[in-house]
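Read the structure below first, then the notes.
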Amino acid sequence: MADEQMAESWERELAQPPGTAPGGASQGPQGPPARPLDAIDRDILRILQTDGRASIRSVAERVHVSRANAYARINRLIDDGVIRGFSARVNHERAGQGASAYITLKIVQNSWRTVREQLQALPGAAHIALVSGDFDVLLLVHTPDNRTLRELVLTKLQSIPEVLSTRTLLVFEETDLDPDH
């Protein structure tokens, strides 16, 4: 029962807008400065990456600390912004999102923030990264089919004024890597 209450507490804290402390106080864009991680912190992260639903009790037992210590460490990792959230790994094809693609974008210089906001609103956008190299942005999308993917690229992406060009790389198969590798 105590583990369920702790999990609910985590969910409430993770629901806070980015850059705010519990209660709503601003901490800046990246939160407080992160403290160095020790071996126990790294073990906790590895366990939670493998099984985000692991109970406090099982985490504590596996890293050989008390439940209170495990709970405090996990909360510190959340507060420091090391743990950004908990989520489920989804098989997109089985979830009705049979077409996946990485899309590279060249954008107008200094338009990253504007473009990022528009990309976040796209249906199926799963990951957005500002990168260096031959293009500026790497976008991962999941759509129900190739027709929907085509519409997303030709109608939505290319209608963003700051997007100069796109290149679409279809994903034929993907594999989630084990966090230990």
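Brief remarks follow.
- Close amide H partners of Ala99, meaning residues 5 or more places away or on another chain with modelled amide H under 5 Å apart, are Thr143, Asp145.
- Direction-averaged projected area, Cα convex hull, region 93-154: 4.3 nm², rounded to one decimal.
- For region 90-176, the list of trypsin sites (Lys or Arg not before Pro) that fall in a loop by DSSP and count at most 12 other C-beta atoms within 10 angstrom reads Arg94.
- Whole-number accessible area per residue in Å² for region 63-138, which is evaluated in the context of all protein chains at 1.4 Å: 63 Å²
- GluC sites (Glu not before Pro) lying in DSSP loop within region 86-152, provided at most 16 other Cβ fall within 10 Å: Glu93
- Alpha-carbon Debye profile of region 29-89, log10 I(q)/I(0) at 0.14, 0.21 Å⁻¹: -0.36, -0.80
- Environment charge of Ala125, counting only residues whose C-beta is closer than 11 Å and scoring Lys/Arg +1, Asp/Glu -1: +2
- Nonpolar atom fraction for region 45-181, defined as the carbon and sulfur part of the 1.4 Å probe accessible area, stands at 46 percent.
- Radius of gyration and maximum dimension Dmax of region 62-181, Cα, Å: 18.3, 55
- Derived scalar couplings between HN and Hα for region 100-110 equal 10, 8, 9, 10, 9, 10, 9, 10, 4, 4, 6 Hz in order, rounded to whole Hz, by the Karplus curve 6.51 cos²θ - 1.76 cosθ + 1.60 (θ = phi - 60°), x for Gly and Pro.
- Efficiency of FRET from Cβ geometry, Phe172 and Leu130, R₀ 25 Å, rounded to 0.05: 0.45
- Extension gain for Tyr102-Arg89 works out to 2.9 nm (0.36 nm per residue, less the C-alpha to C-alpha distance).
The values are calculated or read from the model by the stated rules, or taken from the named source; none is laboratory data. A quick note: this is a predicted structure, and the numbers were derived from the prediction, not measured. FYI the Cβ positions are ideal-geometry reconstructions off the backbone, even for glycines, and counts take in every protein chain you see. Surface areas here come from the heavy atoms of the whole protein model, side chains and all, with no ligands, DNA or RNA. Shrake-Rupley method; radii C 1.70, N 1.55, O 1.52, S 1.80 Å.
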